[in-house]
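Engineer: The structure follows.
The values are calculated or read from the model by the stated rules, or taken from the named source; none is laboratory data. Everything numeric in this text was worked out from a predicted model, so none of it was measured. FYI the Cβ positions are ideal-geometry reconstructions off the backbone, even for glycines, and counts take in every protein chain you see. Calculation scope for accessible area: heavy atoms of the full protein, side chains included, ligands and nucleic acids excluded. Shrake-Rupley method; radii C 1.70, N 1.55, O 1.52, S 1.80 Å.
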Amino acid sequence: MPKLLTGVAAGALMCAWAGTVGAADLPGKFDGVTIDAKLIGGQQYEALYARIAEWEKATGAKVNVISKKNHFELDKEIKSDIATGSISWCVGSNHSSFAPQYPDIYTDLSALVPKEEVDAFVPANIKASTLDGKLVMLPRAQFDVSALYYQKSLYQDEAKKTAFKAKFGYDLAPPDTWAQVTDQATFFSSPPDFYGTQFAGKEEAINGRFYEMVVAEGGEYLDADGKPAFNSEAGIRALDWFVNLYKAKAVPAGTTNYLWDDLGQGFASGTIAVNLDWPGWATFFNDPKSSKVAGNVGVKVQPAGSSGKRTGWSGHHGFSVTESCASKDAAASLVWFLTNEDSQKLEAAAGPLPTRTAVWEWDIAEAANDPYKKEVLSAFQEAAQHAFPVPQTPSWIEISNAVYPELQAAILGDKTSKEALDAAAQKATEILEETGEL
């Protein structure tokens, strides 16, 4: 698992808490308490929230979900709350990529959760959840790094294999490089009914994909001094990958407006050949109730760029408790409940990667007699070995918001890749200068 951010846990507070409260005391009793929560919504996250009713029954408290949006919209709402001084809610979804923007609004969970429970998580995930010595969130079973899903039947079709080799000079097989993805995506595409691949084309989603492609092409997003460095030859090659696929009509025309749910539904519709995506979709893709490609899904480690490095943008989801919460102990109990072993098993059973050590062991054992689950877990375990975090700047999301319109401009043909990246680098530099980071 990657080390996204580092910090030192508030040891004295943890020890003091652990000395009086143990895991056996959880979830506790909070009769009459209502916890307002702002949660991430989306197909792969919803199953966990059904457990909230169990927590309410056990504790006597109630949960009032006042907002449920994708994380990009949730981030904007939280920033609005900060600006207007209206953080009256207690529990919020968080993410390792978003958390550095607002560490001050969240309380130190190491003072509220028993030490043995904190120690049960994968240490790297706890380090990534710790900012300036504060454990600002507990990780849920949503460690994210992307691997490649593909339709197996396409690679078993003898006519396609013959035609592909005649055109490209090598055997058709699930791709191991992004150059091979390009070849195969153009080969398989038959718009408007079928496309070789797809990508999320706005918000941090496209900037994150661009970032990992820059790394795979041997470049840097920010250099050692923290200056934008993506307007390089490697950056141009990375952006050209998106531009050329769009120009070739190897991706859906609306891809520049896609986010994660659009990609998941797209691959499940049976109209996409290969799809770089998160582990949370694994069960959805192979369930005949939700997917037309069920029984036809292969999964393998993400491809490599021209440098030999594989893409591997990663992070993890979690839940936080606000400093302004009037019932921090109840809120922390809810956060613990949504990230405890039972909750992580529920999420991991659908494909997402757990963040508790014991649940990793359980997940591996569960996969032993399930060929598809075993293939998924093997692919994502290998994918995790190539994982790397977002650049370590609190301005990552603000930079993403400034950069992604320029990436879109290049993809849509309004600018050359160099023009777009030069403009994006200038905007990113100005943001870093305004925040004092440069």
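Engineer: Of the residues 273, 253, 282, 216, which is open to solvent by 10 Å² or more (accessible area, probe 1.4 Å) and hydrophobic (A, V, I, L, M, F, W, C)?
Structural biologist: Residue meeting the stated conditions: 253.
Engineer: Among the numbered criteria (1) crowded, with 20+ Cβ neighbours inside 10 Å; (2) touching a residue at least 40 places away in the same chain (Cβ under 8 Å); (3) not hydroxyl-bearing (Ser, Thr, Tyr); (4) not in a loop (DSSP other than H, G, I, E, B), which one does residue 230 miss?
Structural biologist: So the condition that residue 230 fails would be (4).
Engineer: While we're on this one: Being at pLDDT 95 or above and open to solvent by less than 10 Å² (accessible area, probe 1.4 Å): is that true of residue 181 here?
Structural biologist: Criteria met by residue 181.
Engineer: All but one of (1) farther than 21 Å from residue 395 by Cβ; (2) modelled with pLDDT of 95 or more hold for residue 14; state the number of the condition that does not hold.
Structural biologist: (2)
Engineer: Answer yes or no: is there a residue in region 177-187 that is among the charged types (D, E, K, R) and assigned to a helix (DSSP H, G or I).
Structural biologist: Yes, there is a match, as at least one residue in region 177-187 is among the charged types (D, E, K, R) and assigned to a helix (DSSP H, G or I).
Engineer: Sort out which residues of region 140-194 are within 21 Å of residue 266 (Cβ to Cβ) and among the polar types (S, T, N, Q), and write them in order of number.
Structural biologist: 142, 146, 151, 153, 180, 182, 184, 186, 189, 190
Engineer: So, one more: Please go through region 372-389 and pick out each residue that is under 19 Å from residue 296 (Cβ atoms), open to solvent by 30 Å² or more (accessible area, probe 1.4 Å) and not basic (Lys, Arg).
Structural biologist: Passing the criteria: 372, 375, 378.
Engineer: Pairs please, first residue from region 139-167 and in contact (Cβ under 8 Å) with a residue 40 or more places away in the chain, second anywhere and of a type in the set (Lys, Arg) and open to solvent by 30 Å² or more (accessible area, probe 1.4 Å), Cβ atoms under 9 Å, 6+ apart in sequence or on different chains.
Structural biologist: Note: pairs meeting the criteria are 141/345; 147/300; 148/300; 149/300; 150/300; 154/160; 155/161.
Engineer: For region 288-388, list the helices (runs of 4 or more DSSP H) that sit wholly inside it and hold at least 1 residues that are farther than 23 Å from residue 118 by Cα; which are they?
Structural biologist: Here the list reads 357-366, 371-384.
Engineer: Which one of these is open to solvent by less than 10 Å² (accessible area, probe 1.4 Å) and touching a helix residue (DSSP H, G or I) at 6+ places or on another chain (Cβ under 8 Å): 399, 364, 431?
Structural biologist: Values: 364 fails: open to solvent by less than 10 Å² (accessible area, probe 1.4 Å); 431 fails: open to solvent by less than 10 Å² (accessible area, probe 1.4 Å).
Just one listed residue meets the conditions, 399.
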